[in-house]
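Derivation of every value follows stated rules applied to the coordinates shown; laboratory data play no part. Computed from a prediction, not measured in an experiment: that's the story for all the values here. Glycine gets a Cβ as well: all are built from the backbone with ideal geometry, and neighbour counts include every protein chain shown.
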Amino acid sequence: MKWWRQHAACAEEDPELFFPVSSLGPGATQTQRAKQVCAGCPVRTECLHWALETRQQAGVWGGTDEKERAAMLRRLKSLRPVP
């Protein structure tokens, strides 16, 4: 277990909150609620870093959803020099 997980604001929440089945309707509301939990998390940065590093493609991690992380990864890739 990563050290930061035991300090995460989500540790006391139902894990299903962070894995909505849709990005529409109730799923959008669920995503917003999960992001609210992340907003006050003391290890949000570590969580997001881990999610990007391990290419998490589902769920809310570090206050971001799948689309937001994919966009971050695209931006990071575009900043890397080509060998």
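Given the conditions (1) more than 11 Å from the chain's Cα centre (by Cα); (2) of a type in the set (A, V, I, L, M, F, W, C); (3) buried (at least 17 other Cβ atoms within 10 Å of the Cβ), and given that LEU73 satisfies all but one, which numbered condition is not satisfied?
Condition (3) is where LEU73 drops out.
Output the number of residues of segment 16-61 satisfying the condition of being of a type in the set (S, T, N, Q) and within 23 Å of LEU76 (Cβ to Cβ).
Selection size over segment 16-61: 6.
Kindly indicate which of PRO20, PRO42, PRO15, PRO26 is touching a Ser or Thr at 6+ places or on another chain (Cβ under 6 Å) and not charged (D, E, K, R).
Of the residues listed, the single one that is touching a Ser or Thr at 6+ places or on another chain (Cβ under 6 Å) and not charged (D, E, K, R) is PRO20.
Is it fair to say VAL37 is in contact with a His (Cβ under 9 Å, 6 or more places away or on another chain) and surrounded by 15 or more Cβ atoms within 10 Å (Cβ to Cβ)?
So VAL37 does not fit the description; no.
Please specify each residue of segment 63-79 satisfying the condition of being out of contact with any strand residue (DSSP E or B) (no Cβ under 9 Å at 6 or more places or on another chain) and more than 21 Å from SER22 (Cβ to Cβ).
Listed by number, the residues that qualify are LEU73, ARG74, ARG75, LEU76, LYS77, SER78, LEU79.
Can you tell me which residue in segment 8-33 is surrounded by the most Cβ atoms within 10 Å (Cβ to Cβ), limited to those that are touching a Gly at 6+ places or on another chain (Cβ under 8 Å) and among the aliphatic types (A, V, I, L, M)?
This residue is ALA9.
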